[in-house]
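First the structure, in the form of structure tokens, and then the observations on it.
The values are calculated or read from the model by the stated rules, or taken from the named source; none is laboratory data. None of the values given here were measured: they were computed from a predicted structure. For neighbour counting, all protein chains shown are included, and Cβ atoms are generated from backbone atoms with ideal geometry for every residue, glycine included. The area values use the complete protein model at the heavy-atom level, side chains included, leaving out ligands, DNA and RNA. Shrake-Rupley method; radii C 1.70, N 1.55, O 1.52, S 1.80 Å.
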Amino acid sequence: MSFTLSPVTPGFVAEVGDIDLAQPLPQEDFALLRQAFTRYAVLVFPGQVLTPAQHLAFSGLWGPVEKERTLDPKATPARLSGEFADISNLSAEGRIWGESSRQRMYKAGNRLWHTDSSFKRLPSLCSLLYATTVVPIGGHTEFADQRAAYDALPEAMKARLQGLVAEHWIVHSRRRSGFEEFNEDEMKRLPPVPQVLVRTLPDSGRKSLFVASHAGRILGMPDAEGRALIDELIAHVTQRQFVYTHRWRPNELVMWDNRCTMHRGTEYDDLRWVREMRRVTISDVANTCEQEGVACAA
Ligand code: OGA
Ligand code: MN
């Protein structure tokens with residue numbers, strides 16, 4: 001192994017050192033990184049200087065790159081090309097966004113606990129977020145381990161959750177964060193989708209919860225009861241013992257497993273400081289109902 005792997009927590013987060021992600025990775029190294037990713041769901045790569053093309057090339061090793069952004073570029077002009085989610089606080093012109101800009105209202109949803117793209121029928125395997133400019137106060141990213149949280153559930157709850165399917169819809173999370181104005185094109189492209197509440201990760205064999213603020217209902221359950229169960233599970237997963245807070249350094253890439261983690265951004269003075277980050281999102285192999293062999297009508 002030519003790189004170093006330093007656990008940050010015993011089984012959730014590790015830092016990868018002595019690796020240059022701008023260079024093509026020897027196959028053996030990639031195989032070892034895959035093993036590390038199976039064990040630790042969050043990998044931190046400090047000290048990376050990457051062009052967008054290099055960021056994309058490394059990301060593409062993990063699977064198909066999502067190419068379409070959630071917001072309609074006609075309604076919200078994008079600063080970056082379609083393969084990148086813009087996690088900065090900049091407008092398309094590269095200046096700090098306006099206080100009531102559409103980008104800012106929409107991105108406020110990133111402060112809720114979520115997992116990327118669970119509102120898409122084909123959800124995500126992992127995200128690779130690269131930071132070039134970070135802020136001095138706040139602007140951290142917190143991660144919660146849904147595998148450890150599943151393991152800690154009482155047996156009766158595990159039995160209750162088996163086979164349940166939640167409806168994930170971007171509108172659920174955005175309503176909660178105060179963004180209501182999706183246009184017709186966005187609503188059409190982003191219908192509610194089914195995802196199981198408990199999944200088995202094929203690489204490790206571990207079970208994981210799969211909840212997020214995008215989940216709003218549980219199929220076959222009265223709305224209020226489903227909502228209460230989702231809220232209870234999110235509260236369970238995000239207890240301190242399952243959470244790691246990442247404090248960003250400039251030129252750092254962090255990748256996480258969207259199948260078994262949640263994350264959220266913490267507050268910072270976004271009208272004062274520039275925070276420059278871009279994310280590549282990699283698709284999973286299939287919808288989670290399909291992966292689990294659970295029938296769902298939706
Ligand atoms: C993301 C995200 C939160 C943050 O990149 O997917 O939710 O810290 N980021 O900005
Ligand atoms: Mn996110």
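Scanning segment 157-168 finds one or more residues that are in contact (Cβ under 8 Å) with a residue 60 or more places away in the chain and touching a Lys or Arg at 6+ places or on another chain (Cβ under 9 Å).
Selection over segment 191-231 of residues that are surrounded by fewer than 19 Cβ atoms within 10 Å (Cβ to Cβ), hydrophobic (A, V, I, L, M, F, W, C) and assigned to a loop (DSSP other than H, G, I, E, B) gives a count of 3. Considering segment 260-272, the residues that are more than 11 Å from ligand 1 (Cβ to nearest atom) and open to solvent by 10 Å² or more (accessible area, probe 1.4 Å) include one that is farthest from ASN110 (Cα to Cα), namely ARG272. Would you check if LYS74 is open to solvent by 10 Å² or more (accessible area, probe 1.4 Å) and either in contact with a His (Cβ under 9 Å, 6 or more places away or on another chain) or closer than 21 Å to HIS214 by Cα (or both)? Considered against the rule, which asks whether it is open to solvent by 10 Å² or more (accessible area, probe 1.4 Å) and either in contact with a His (Cβ under 9 Å, 6 or more places away or on another chain) or closer than 21 Å to HIS214 by Cα (or both), LYS74 comes out as no.
For residues that are within 12 Å of ligand 1 (Cβ to nearest atom), over 24 Å from ALA53 (Cα atoms) and β-branched (Val, Ile, Thr), scanning just segment 106-140, find the one that is least open to solvent (accessible area, probe 1.4 Å). So, considering only residues that are within 12 Å of ligand 1 (Cβ to nearest atom), over 24 Å from ALA53 (Cα atoms) and β-branched (Val, Ile, Thr), the one least open to solvent (accessible area, probe 1.4 Å) is THR115. Screening segment 1-62 for strands (runs of 3 or more DSSP E) wholly inside it with 3 or more residues that are surrounded by 15 or more Cβ atoms within 10 Å (Cβ to Cβ) and not charged (D, E, K, R) returns the ranges 13-17, 42-45.
The residue pairs whose first member lies in segment 279-298 and is on the phi < 0 side of the Ramachandran plot, whose second member is of a type in the set (Gly, Ala, Ser) and part of a strand (DSSP E or B), and whose beta carbons are closer than 7 Å, counting only pairs six or more residues apart or on different chains, are ARG279/ALA85; ARG279/SER127; THR281/ALA85; THR281/SER124; THR281/SER127; ILE282/SER124; SER283/SER124; ASP284/SER124.
Counting the residues of segment 72-104 that are outside any loop (DSSP other than H, G, I, E, B), modelled with pLDDT of 95 or more, within 16 Å of ligand 2 (Cβ to nearest atom) and in contact with a Phe, Trp or Tyr (Cβ under 9 Å, 6 or more places away or on another chain) gives 1.
Hey, could you check segment 141-177 for residues that are farther than 30 Å from ASP269 by Cβ, assigned to a helix (DSSP H, G or I) and open to solvent by less than 20 Å² (accessible area, probe 1.4 Å) and say which is farthest from ligand 1 (Cβ to nearest atom)? The extreme case among them is LEU161.
Do the conditions hold for GLU184, that is, is it modelled with pLDDT under 95 and more than 16 Å from the chain's Cα centre (by Cα)? It is true that GLU184 is modelled with pLDDT under 95 and more than 16 Å from the chain's Cα centre (by Cα). How about segment 121-140: which of its residues are more than 16 Å from ligand 2 (Cβ to nearest atom), assigned to a loop (DSSP other than H, G, I, E, B) and under 25 Å from TRP62 (Cβ atoms)? If the condition is that a residue be more than 16 Å from ligand 2 (Cβ to nearest atom), assigned to a loop (DSSP other than H, G, I, E, B) and under 25 Å from TRP62 (Cβ atoms), then ARG121, LEU122, VAL134 are the ones that fit. Taking ARG278 as the residue in question, decide whether it is open to solvent by 20 Å² or more (accessible area, probe 1.4 Å) and either in contact with an Asp or Glu (Cβ under 9 Å, 6 or more places away or on another chain) or within 10 Å of ligand 1 (Cβ to nearest atom) (or both). Taking the combined requirement at face value, the residue satisfies it.
Pairing each residue of segment 242-264 that is under 20 Å from ARG275 (Cβ atoms) and within 15 Å of ligand 2 (Cβ to nearest atom) with any residue that is open to solvent by 20 Å² or more (accessible area, probe 1.4 Å) and assigned to a helix (DSSP H, G or I), provided the two are 6+ apart or on different chains, yields C-beta distances under 8 Å for ARG264/ASN110; ARG264/ARG111.
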